[in-house]
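Worksheet for the structure shown next.
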Amino acid sequence: MSISSEKPTVRWHIGVFLAPAVLIYTAVMILPLFGTLQLSFFRMIDREAVFVGLENFRTLFFDPRWSASFWNALGNNTWFFIIHMLVQNPIGILLAAILSSPRLRLASAYRTAIFIPTILSFVIVGFGWKLILSPIWGVAPSILDAVGLKMLFAPWLGKEEYALTTLSLISVWQFVGIPMMLIYAALLSIPDDIIEAAECDGVTGMSQFWKVKLPLILPSIGIISVLTFVANFNAFDLIYSAQGALAGPNYATDILGTFLYRTFFGFQLQIGDASMGSTIASIMFLIILAGVCFYLFIIQRRLRRYQF
Amino acid sequence: MSIATHSPVRSIAAHAILIAYTAIALFPVLVIVVNSFKTRNAIFRSPLSLPDAETFSLIGYQTVWAQGDFILYFQNSLVVTVASLALVLLFGAMAAFALSEYRFRGNTLMGLYLALGIMIPIRLGTVAILQLMVASGLVNTLTALILVYTAQGLPLAVFILSEFMQQVSKDLKDAGRIDGLSEYHIFFRLVLPLVRPAMATVAVFTMIPIWNDLWFPLILAPAEETKTVTLGAQVFIGQFVTNWNAVLSALSLAILPVLVLYVIFSRQLIRGITAGAVK
């Protein structure tokens with residue numbers, strides 16, 4: 001309650017404080033977002049936008065020229081997300097669990113070093129890994145050779161069956177720092193009394209982690225999962241930097257972001273198509289919205305939050 | 001998994017895992033930077049060794065210097081990042097102050113409206129953003145990028161800053177009001193200096209995605225004179241794809257500024273993440 005709220009006068013200063021942020025945010029983010037959703041119901045016919053209802057969506061889902069690419073991109077994107085959930089988050093939790101153990105020396109040095117890939121741009125990460133995995137340069141084969149596994153080497157980024165998984169793992173390499181930090185923070189915020197009580201009851205080591213700490217950090221794991229979901233279904237840069245807009249080989253690494261870019265902007269012989277671009281963006285919007293709502297209304301409600 | 005350090009075996013195991021993962025995290029970066037200082041032959045013959053007197057070479061950097069306009073790209077990135085950052089911090093703090101300080105009709109609704117952008121990525125509106133920029137003649141200007149990044153950074157800034165502003169002592173503000181300070185004075189003179197640590201955290205969070213973004217420079221400002229470092233490096237690498245010296249040097253040059261910033265701000269960043277996550 002503020003003093004000025006008791007006065008009946010118009011409080012202009014509230015408007016002045018809010019106006020710049022709300023105006024820029026509305027004009028550059030919210031209106032274009034809805035503008036894009038709206039454009040997906042129109043199609044350019046003879047340089048004029050004509051309302052076509054859900055026709056664009058039907059084209060995207062069922063027209064053989066579009067649907068194959070769309071379902072391919074959606075499937076790849078789902079795989080991209082699954083790899084992140086299965087690899088990135090468990091590694092992040094493992095590292096955080098180790099880092100948060102008491103009396104560990106050099107913990108902050110490890111933390112700082114492991115977080116470095118996260119701050120690098122996708123161009124560096126995508127291209128750097130492309131060079132390292134390149135059979136021409138031979139860094140990867142010579143390392144595998146050193147541990148006696150040279151026969152495992154393959155041009156991973158160039159083979160259709162491996163390329164997407166390889167890129168997902170590169171992305172995992174880049175972003176493992178985020179779940180690590182968030183879980184680390186959650187683990188540190190567990191009060192000592194709870195840990196001591198567990199130790200008095202003889203719950204230590206591994207079973208202490210599974211039975212005491214893990215239930216307490218579940219809300220953080222929930223947040224990380226939804227952040228990963230949003231970031232993955234909105235990804236573009238890494239694939240574009242490593243494989244180009246065509247998301248080769250033979251579209252094996254095409255995800256919704258690269259598909260949207262090619263459709264909207266055009267590439268090589270393909271002409272850019274704003275209304276189909278909006279349609280893909282709208283689908284991405286609905287997927288992300290569904291994921292966020294699923295988290296907010298189903299996951300978050302079920303997870304008990306503990307107040308310390 | 002929670003490896004207690006009572007027993008030396010566990011402690012060694014913990015360090016072994018951490019050292020192994022640190023090596024995985026740093027190795028690719030080191031390989032790129034180290035090889036950028038070697039001759040072409042040495043890059044291929046012994047990619048894993050350090051450069052010595054014989055194999056040391058700056059030819060890659062010379063190519064980058066001669067062929068790419070990296071000073072200009074760097075300048076563009078700096079202008080875009082600093083300007084967006086200043087706008088996000090100023091406007092974000094103002095809005096956060098309004099939301100956390102005053103009760104008015106629609107306060108919660110406004111908070112939710114501004115928070116929407118934390119989860120929904122601005123990229124999804126790209127088609128209409130491009131139309132907007134074309135209509136207002138801002139394509140291929142840095143202004144377009146600054147506006148987009150300001151809008152992108154505001155939601156999280158407002159969210160974090162209003163959490164912190166709620167903690168500013170109420171007595172202090174009321175004392176200011178009794179002394180006859182205007183609401184603007186209270187905000188700029190009393191509250192803003194007190195939330196400076198939170199502003200630093202928001203600054204680091206906002207800065208990294210802006211500096212690293214490829215999508216909007218590619219779509220809104222791909223012209224030679226408005227390229228950012230990220231886009232410039234991408235295009236340069238695309239053109240010099242077979243010149244390994246140049247590519248490795250360009251990558252190293254792109255790594256360095258971010259790395260320096262990270263080393264300066266890493267404490268702030270890590271403290272920010274850990275403070276925010278405890279909530």
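The values are calculated or read from the model by the stated rules, or taken from the named source; none is laboratory data. Treat the numbers as computed from the prediction; the structure is a model and nothing was measured. So basically every Cβ, Gly included, is an ideal-geometry build from the backbone, and we count neighbours across all protein chains shown. Please note that ligands, DNA and RNA were not included when accessible areas were found on the heavy atoms of the full protein model with its side chains. Shrake-Rupley method; radii C 1.70, N 1.55, O 1.52, S 1.80 Å.
Brief remarks on what is shown
- When chain A is treated as a GNM with alpha-carbon contacts under 10 Å, the residue of A:Asn250, A:Asn232, A:Asn76 showing the greatest mean-square fluctuation is A:Asn250.
- Proximal charge balance of A:Arg43 [Cβ under 13 Å; K/R count +1, D/E count -1]: -3
- Global size of the range B:100-190 as Cα Rg and Dmax, reported in angstrom: 17.9, 51
- In the calculated pair-distance distribution of the protein assembly as shown, the portion above 39 angstrom amounts to 33 percent of the Cα-Cα pairs.
- Sorting the Cα pairs of the range B:68-239 by distance into bins of 10 Å, from 0 upward, gives 10, 33, 29, 18, 8, 2, 0 percent per bin.
- By accessible area, using a 1.4 Å probe on protein heavy atoms only, the range B:68-239 has 66% of its surface on carbon and sulfur.
- Gyration tensor (Cα) of the range A:89-197, equivalent ellipsoid semi-axes in angstrom: 34, 15, 13
- Isotropic mean projected area of the C-alpha convex hull, the range B:97-142 (nm²): 5.0 nm²
- When the Gaussian network model of chain B links Cα atoms closer than 10 Å, the mean-square fluctuations of B:Ala42, B:Ala14, B:Ala86 top out at B:Ala14.
- Scattering curve values for the range B:1-146, log₁₀ I(q)/I(0), Debye with Cα scatterers, q = 0.12 Å⁻¹: -0.95
- Estimated buried accessible area (total), pair B and A, 1.4 Å, Å² to nearest 100: 9000 Å²
- Kirkwood hydrodynamic radius of chain A, from the reciprocal of the average inverse Cα-Cα distance over all distinct pairs: 23.0 Å.
- Mean Cα-pair separation over length for chain B, i.e. relative contact order, pairs under 8 Å, 6 or more apart, %: 28 percent
- Gaussian network model of chain A, Cα within-10 Å springs - most flexible of A:Ala154, A:Ala19, A:Ala73: A:Ala19
- Compactness of the range A:227-295 was expressed as the Cα radius of gyration divided by 2.2 N^0.38 Å, which yields 1.15.
- Chain B, helix-only ellipticity at 222 nm - DSSP H runs n ≥ 4, -39,500 (n - 2.57), divided by all residues, nearest 500: -24000 deg cm²/dmol
- Working from Cα pairs under 8 Å separated by at least six residues, relative contact order for the range A:1-154 is 6 percent.
- Mean ellipticity per residue at 222 nm, deg cm²/dmol - from DSSP H runs of n ≥ 4 across chain A, formula -39500 (n - 2.57): -19500 deg cm²/dmol
- Here the Kirkwood formula puts the hydrodynamic radius of the range A:12-51 at 12.1 Å, using every distinct Cα pair.
- Annotation: per residue accessible area for the protein assembly as shown equals 46 Å², rounded to a whole number [probe 1.4 Å, protein chains only].
- Over all pairs of different C-alpha atoms in the range B:8-62, the reciprocal of the mean inverse distance, the Kirkwood hydrodynamic radius, equals 12.9 Å.
- Chain A, relative contact order in percent, only Cα pairs under 8 angstrom and at least six apart counted: 25 percent
- Whether the range A:1-138 is rounded, prolate or oblate, judged on the alpha carbon gyration tensor where a/c under 1.5 counts as rounded: oblate
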